[in-house]
Every structure is written in structure tokens, then in C-alpha cells.
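Colleague: There's a structure below that I have some questions on.
The values are calculated or read from the model by the stated rules, or taken from the named source; none is laboratory data. Just so you know, these numbers come straight off a predicted model, no measurement behind them. Don't worry about glycine lacking a Cβ; one is built from the backbone with ideal geometry, like all the others, and counts go over all protein chains shown.
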């Protein structure tokens, strides 16, 4: 097996002067820096006292699933001689929060709308979504179902 390593710097930026002295006295804001890339501003979900104008971890998690699937799908289509000319996904996910405040994702639904050139390959293009899911590094790391509702144009 071949190892791939990733690194980033996560810095909490929500200290309003008193640290975490009390639960309501600090912001949930953070900054992620990866060498050579723009900074990403994040916060917790607004349900957990976060700033809705910043990305939250749950959105970033859903984004990574959808992006990984798309990248594998495009790769598989290129290998299969299917020319994709547009790809858009209206992904959604459901996280369940337990009584103690912990939680986990219950499922994710990817709804890619894909336009291809070869009209006779619509069925094959649809089937490749299952293979993309099987190949996706992020999907393979999840312990919940990732469903697909593709539309091939």
C-alpha cells in the first residue's frame, strides 16, 4: 500500500479576551491554513453557537464526500470514453445529535446532475456512480450509507 500524508494548521480565533472561562463567553471561530493555499475561515454550526457566515466542520465533511465522489467519477468517465461536459451536485447529509450532545452522520445523499456528450452511454454513465463510490477515499472512510440519485443529461 502507498501512504499519502496531509498536514494543516488549525488555529482557534474565537478568544474574546477570557478564553473558555464560560461556555457563552467565547466564539467558535477558527482558521485553517495549508501551505501555499488560501486560508479557510470556519466556525461551529449555528446550532452550536457558531457563525453562520463561516464554514462548519459538518459542511466541510459533506463537501469532502461530494468532491471526492465527483473527482473519481470524472476519472472513471474519462477512462470509459464518456465525455462529461458539466457536473453539479446538490449533496445533503443528516447528522443525528444524541442526548449527551455527541452525534454522528446517519447518511449522505449525493444528487449529481451530469451532462455527457455520448447519448448512447447514459446507462454506463449512471452505473459509474457506484464504482466512484467504491473508489472514493472519503466514502471508504465513512461508517454510514452514501446514497446516489444521479441524473444524466
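Colleague: Looking at residue 81, is it in contact (Cβ under 8 Å) with a residue 24 or more places away in the chain, part of a loop (DSSP other than H, G, I, E, B) and closer than 30 Å to residue 124 by Cα? Spell out the reasoning first.
Modeller: Numbers: in contact (Cβ under 8 Å) with a residue 24 or more places away in the chain: yes; part of a loop (DSSP other than H, G, I, E, B): yes; closer than 30 Å to residue 124 by Cα: yes.
Answer is yes for this residue.
Colleague: Looking at 60, 8 in this structure, which one is in contact (Cβ under 8 Å) with a residue 12 or more places away in the chain and closer than 30 Å to residue 153 by Cβ? Don't jump to the end; show me each part of the working.
Modeller: Numbers: 8 fails: closer than 30 Å to residue 153 by Cβ.
Result of the check over 60, 8: 60.
Colleague: Same structure again: For segment 84-109, what are the residues that are outside any strand (DSSP E or B), over 13 Å from residue 146 (Cα atoms) and in contact (Cβ under 8 Å) with a residue 12 or more places away in the chain?
Modeller: Restricting attention to segment 84-109, the residues satisfying the condition of being outside any strand (DSSP E or B) are 90-91, 98-102.
Those still in the list that are over 13 Å from residue 146 (Cα atoms) too: 90, 98-102.
Correct list: 90 only.
Colleague: Only one of 141, 86, 92 is exposed (fewer than 11 other Cβ atoms within 10 Å of the Cβ) and closer than 16 Å to residue 58 by Cβ. Can you tell me which? Spell out how you get there, then give the answer.
Modeller: Details: 86 fails: closer than 16 Å to residue 58 by Cβ; 92 fails: exposed (fewer than 11 other Cβ atoms within 10 Å of the Cβ).
Only one candidate qualifies: 141.
Colleague: Going residue by residue through segment 134-141, is there one that turns out to be assigned to a strand (DSSP E or B) and touching a strand residue (DSSP E or B) at 6+ places or on another chain (Cβ under 7 Å)? Explain how you work it out, then say what you get.
Modeller: In the first step, residues of segment 134-141 are kept if they are assigned to a strand (DSSP E or B); the result is none.
So far as segment 134-141 goes, no, none of its residues is assigned to a strand (DSSP E or B) and touching a strand residue (DSSP E or B) at 6+ places or on another chain (Cβ under 7 Å).
Colleague: Next question. Output yes when any residue across segment 98-115 is surrounded by 16 or more Cβ atoms within 10 Å (Cβ to Cβ) and either under 29 Å from residue 14 (Cβ atoms) or modelled with pLDDT under 95 (or both), and no when none is.
Modeller: yes
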